[in-house]
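Here's the structure we're looking at; comments come further down.
The values are calculated or read from the model by the stated rules, or taken from the named source; none is laboratory data. Everything numeric in this text was worked out from a predicted model, so none of it was measured. No Cβ is skipped: glycine too gets one built from the backbone with ideal geometry, and neighbour counts run over all protein chains shown. Calculation scope for accessible area: heavy atoms of the full protein, side chains included, ligands and nucleic acids excluded. Shrake-Rupley method; radii C 1.70, N 1.55, O 1.52, S 1.80 Å.
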Amino acid sequence: MVSDKAAMYVGEALVGDGSEVAHVDLMIGDKYGPVGAAFTNAISQLSVGHTPIFAVLRPNLPVKPPTLIVPKVTVQNMKDAEKIFGPAQSAIAKAVADSVEEGVLEENKAEELMIIVSVFLHPDAKDYNKIYRFNYGAAKLAIKRAMDGFPDIKKVLYEKDRSRHPSLGMKVTKLWDPPYLQVAMDIPNWEHIGRVVKELPRNDHLIIEAGTPLIKRYGVDIVGKIKEIKPETFVIADLKTLDTGNLEVRMVSDAGADAVVISGLAPHQTIEKAIAETRKTGIYSSLDMLNVADPIEVIKGLHKSGFMPDVIELHRAIDVEQDEQHAWGNINEIKQIDGKVLVAVAGGVREETAPEALEGGADILIVGRGITNTKDVEGVSRRFLRLMKDEIDQYRVMTDF
């Protein structure tokens, strides 16, 4: 049985903006537990530019529980030191004291607990009022989160594909809010395809597919050219991998693709290796069931082995006569096997048949030359996109106050 003294609570919070933005990471725990040991080590093993200081309400009045402030950014001169020893130190101390007064931290444990607060202070921060207010808010929120156990694992799993880090510098799109329109670039002519990509509207429900003929002519580097034009759009590379699954997935990932298409006709071992590689590299796997005699059997086998793809693609080949019935298969049966898998449909997807596909449970509508060969790429695309949901706000910064 683990002793209560081994308990450790962790909290994090980001508050404010500009150079004065405050980012706080902290640990709270018993003085005789791991936090107490870390507290002792931090104050006895000093590091140049990152000297820890006690949080004090005023000189000669340290706060309780004892709180140690550790600068994240190297303190290089006296101006940096003044900001740490002044508004930042005061804000952290006040946040701890107020947390005790408000019952977030138990008053009767003020002598038993220790707190270590890691504080970010930008060298260009100048406004002392903002430094104080932002660090107070961040410390107060981080303490509450630590003691509340925020976030729980359900919150993490819910947000992992929905949230975007504001400092990432790019947009990583995840397919969490179907349905989507996937435009297949199957014409092996970059001059033509480049124009189509430029004319496609910006929309969170749009996927661009680097089609097999396009990749065969130009190689996987064509993904990078598409990303140069539409850097924030989800791009899938349709390799229809049949062999060397892990190698081809790695090539696609290195080229910047967000997903890769694997052929359902490939040996089971190849499919597993390819899917395993997508999980390593953090991209999506799509299993193409073109010409697969029994897709359900393949899907059940993969589900049993623990290598389900992210997307199952059901479609009819381009070479098949256009007046034949679509080969979308039993979408509901697939989703009964695995409720998390997305189902994409291609072949026979036109403006008049798209509602039927969506009503049948399709998550992704794949449209090729019905868009890429039209003179009004944007207009036709928008008509399909009107069937989708509103755009996704992936730029939001979740504060969870």
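Remarks
- Residue check for residue 82: surrounded by 13 or more Cβ atoms within 10 Å (Cβ to Cβ) and not small (Gly, Ala, Ser): yes
- Any chance residue 24 is buried (at least 19 other Cβ atoms within 10 Å of the Cβ), in contact (Cβ under 8 Å) with a residue 40 or more places away in the chain and part of a helix (DSSP H, G or I): no
- Checked against (1) open to solvent by 70 Å² or more (accessible area, probe 1.4 Å); (2) modelled with pLDDT of 90 or more, residue 16 passes all but condition (1).
- Within segment 57-69, the set of residues being open to solvent by less than 40 Å² (accessible area, probe 1.4 Å) and touching an Asp or Glu at 6+ places or on another chain (Cβ under 9 Å) comprises 65, 66.
- Considering only residues in segment 180-237 that are touching a Gly at 6+ places or on another chain (Cβ under 6 Å) and either without any contact (Cβ under 8 Å) to a residue 24 or more places away in the chain or of a type in the set (D, E, K, R) (or both), the one that is nearest to residue 286 (Cα to Cα) turns out to be 186.
- Subset tally (residues that are in contact with a Leu (Cβ under 9 Å, 6 or more places away or on another chain), surrounded by 17 or more Cβ atoms within 10 Å (Cβ to Cβ) and either at positive phi or outside any helix (DSSP H, G or I) (or both)) for segment 32-56: 3
- Residue pairs meeting the criteria (Cβ under 6 Å; at least 6 apart or on separate chains; first closer than 19 Å to residue 292 by Cβ, in segment 250-265; second open to solvent by 10 Å² or more (accessible area, probe 1.4 Å) and among the basic types (Lys, Arg)): 261/240; 263/240
- Filtering segment 213-228 to residues that are part of a helix (DSSP H, G or I) and either in contact with a Cys (Cβ under 9 Å, 6 or more places away or on another chain) or within 16 Å of residue 260 (Cα to Cα) (or both) leaves 213, 214, 215, 216, 222, 223, 224, 226, 227.
- Residues in segment 281-304 that are surrounded by fewer than 12 Cβ atoms within 10 Å (Cβ to Cβ) and either touching a residue at least 40 places away in the same chain (Cβ under 8 Å) or part of a helix (DSSP H, G or I) (or both): 2 in all.
- Checking every residue in segment 291-309 against the condition of being under 26 Å from residue 161 (Cα atoms) and touching a strand residue (DSSP E or B) at 6+ places or on another chain (Cβ under 6 Å) gives at least one match.
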